[in-house]
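Report on one structure; see the data block that follows.
The values are calculated or read from the model by the stated rules, or taken from the named source; none is laboratory data. What you see is a predicted model, and the numbers here were worked out from it, not measured in a lab. Every residue, glycine as well, gets a Cβ built from its backbone with ideal geometry; the counts of neighbours run over all protein chains shown. For the accessible areas, the whole protein counts, side chains as well, though only heavy atoms, and no ligand, DNA or RNA atoms are used. Shrake-Rupley method; radii C 1.70, N 1.55, O 1.52, S 1.80 Å.
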Amino acid sequence: MNINKQRQIFFAKQAWLATGWQENVLFHVENGMITELAINQMATADSLVLSGPVLPSMPNLHSHAFQRVMAGMAEVSLNPNDSFWSWRDLMYKVVQKLTPEDVRIIATQLYIDLLKAGYTQIAEFHYLHHQVGGKPYQDTAEMSHQMIQAANDAGIGITLLPVLYSHSGFGGQAANNGQARFIHSTEDYLQLFASCEQALQDQPLHKLGVCFHSLRAVTKVQIETVLDAIKSACPIHIHIAEQQKEVRDCLAWSSQRPVQWLHNEIGFDARWCLVHATHLDSQEIQTIAQQKAVAGLCPTTEANLGDGIFPATEFEQANGRWGIGSDSHVSLSLVEELRTLEYSQRLRDQQRNRLHRPSQARIGDNLYQQALLGGNQACQVSIGLQEHHRADFIVLDENAPFVAASQAKDLLNRWLFACNDNLIKDVYVAGNAVIKDFHHAEEEQHKADFIKVVKKVMYDS
Ligand code: NGQ
Ligand code: ZN
């Protein structure tokens, strides 16, 4: 995707900077980056005046785009013990039906909807690589190209995470039939990674990361071999400790809990994003925080799949880094992700106002700030209204009653806790307006294509 190289100047009456809400903010954008920013300025003749309060957009650190096609379709009780694992069986059935074109169409619609929701970078944890039955496509990176195309058509930045997936359980158990489209040897994975690297060259919005599906899906030797082979300082993502069963199986196999195993046997640091990390003991909470790894939280999917409650209150007290992802895309609302995270803690603790920091007593402001910082780290981007950051930002609807009526200090709490309509009116990626007045320029065509794919895949019609 091309970045507008022209210099642009924006003016915001109210903008949420790293220092909190400020007034009369003038900022310059060049090559998609903020080059100068000052508060208490006047709009200049050549500046574009943004209509409402302006905030940085949000990075989304975890996505399986194809799963959007089945969102809301697994909410039928088929068995009194329905669980994460029975949901996964249904998901594997959907996987058998998808062509590369279907996947691109689903992802394009999804990415447009995510832009409208205020996300401008998506970490795509991409493991659907092969044909049905497991044969690679003629171009082994075929599916990865579809994801990049979808991101470009929508106008979102992608942090592409090609996934290494080889086994069905701890200790290198053979993959099952439902997983055939996901499977690589270490060598083949390294080739795929090199193809993706090439495909992303000269695409400044896009990033590439290493990804292991889970400790169930790869062996220790595989992790070591991949990390040894890939020299670039890219992010590293892995699903970890999402389900109790996974923790029990890991203990039975290694006598260690998943995060403990990763720390002791491989080691992790700020390059790592530990997705879910739901089931942690106190030592593991401290370790993740001390190592400055990001906990990749997906509150609505974790609730939907019955994963458990992430110990966010304790993690926050340990200064842990975290961000949010929409994962299975059962919800595309960043408001719902942040609200669900805070409310999960209140419901467990039977207390109010859980996720705050000594420097930030306002829950909404703290949630937004932490999710932005952790998301930036995990997606390897720098979104934020400050110099040398990418000019990705959102404009709230100045006519929404709580936006019009509230003092700036209360805006985030009003928005995140008390509004259900989408308040995001305009969305800018690297200085370009991709959502204008709630709309995307190509949305009608993509919507029509998406409707056809949903009918075909989910209803055979
Ligand atoms: C996935 N999703 O890979 O799509 C997983 C489920 C698994 C989430 N963990 C499958 N939410 O972990 O084996
Ligand atoms: Zn996932």
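Observations, loosely collected:
- Any hit, the range 22-42, residues being out of contact with any helix residue (DSSP H, G or I) (no Cβ under 7 Å at 6 or more places or on another chain), open to solvent by less than 70 Å² (accessible area, probe 1.4 Å), within 16 Å of ligand 1 (Cβ to nearest atom) and farther than 30 Å from D449 by Cβ: no
Let's see how each residue does on (1) within 16 Å of ligand 1 (Cβ to nearest atom); (2) open to solvent by 60 Å² or more (accessible area, probe 1.4 Å); (3) part of a strand (DSSP E or B):
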{"position": "F11", "(1), (2), (3)": "no, no, yes"}
{"position": "A45", "(1), (2), (3)": "no, yes, no"}
{"position": "P59", "(1), (2), (3)": "no, no, yes"}
{"position": "H62", "(1), (2), (3)": "yes, no, yes"}
{"position": "S77", "(1), (2), (3)": "no, yes, no"}
{"position": "N81", "(1), (2), (3)": "no, yes, no"}
{"position": "W87", "(1), (2), (3)": "yes, no, no"}
{"position": "M91", "(1), (2), (3)": "yes, no, no"}
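- Checking each residue in the range 315-335 for being within 16 Å of ligand 1 (Cβ to nearest atom) and either among the polar types (S, T, N, Q) or in a helix (DSSP H, G or I) (or both) picks out S326, S328, S331.
- Scope the range 336-368; condition within 16 Å of N413 (Cβ to Cβ), in contact (Cβ under 8 Å) with a residue 24 or more places away in the chain, assigned to a helix (DSSP H, G or I) and open to solvent by 50 Å² or more (accessible area, probe 1.4 Å); matching residues: E336
- Hits in the range 372-411 (condition: among the basic types (K, R) and farther than 14 Å from P59 by Cα): K409
- Test: residue in the range 150-168 that is free of Cβ contacts under 8 Å to residues at least 60 places away in the same chain, in contact with a strand residue (DSSP E or B) (Cβ under 8 Å, 6 or more places away or on another chain), in a loop (DSSP other than H, G, I, E, B) and of a type in the set (F, W, Y): yes
- Residues (more than 13 Å from ligand 2 (Cβ to nearest atom), open to solvent by less than 10 Å² (accessible area, probe 1.4 Å) and touching an Asp or Glu at 6+ places or on another chain (Cβ under 8 Å)) located in the range 238-280: P258, V259
- Test result for T301, hydroxyl-bearing (S, T, Y) and open to solvent by less than 10 Å² (accessible area, probe 1.4 Å): yes
- Between A378, A391, the distinction of being crowded, with 22+ Cβ neighbours inside 10 Å, in contact with a Cys (Cβ under 7 Å, 6 or more places away or on another chain) and of a type in the set (A, V, I, L, M) belongs to A378 only.
- Scan of the range 210-231 for residues that are part of a loop (DSSP other than H, G, I, E, B) and either among the acidic types (D, E) or touching a residue at least 12 places away in the same chain (Cβ under 8 Å) (or both), ordered by number: L215, R216, A217, V218, T219, I230
- C196 vs. criteria more than 16 Å from ligand 1 (Cβ to nearest atom), assigned to a helix (DSSP H, G or I), within 30 Å of G431 (Cα to Cα) and touching a residue at least 40 places away in the same chain (Cβ under 8 Å): yes
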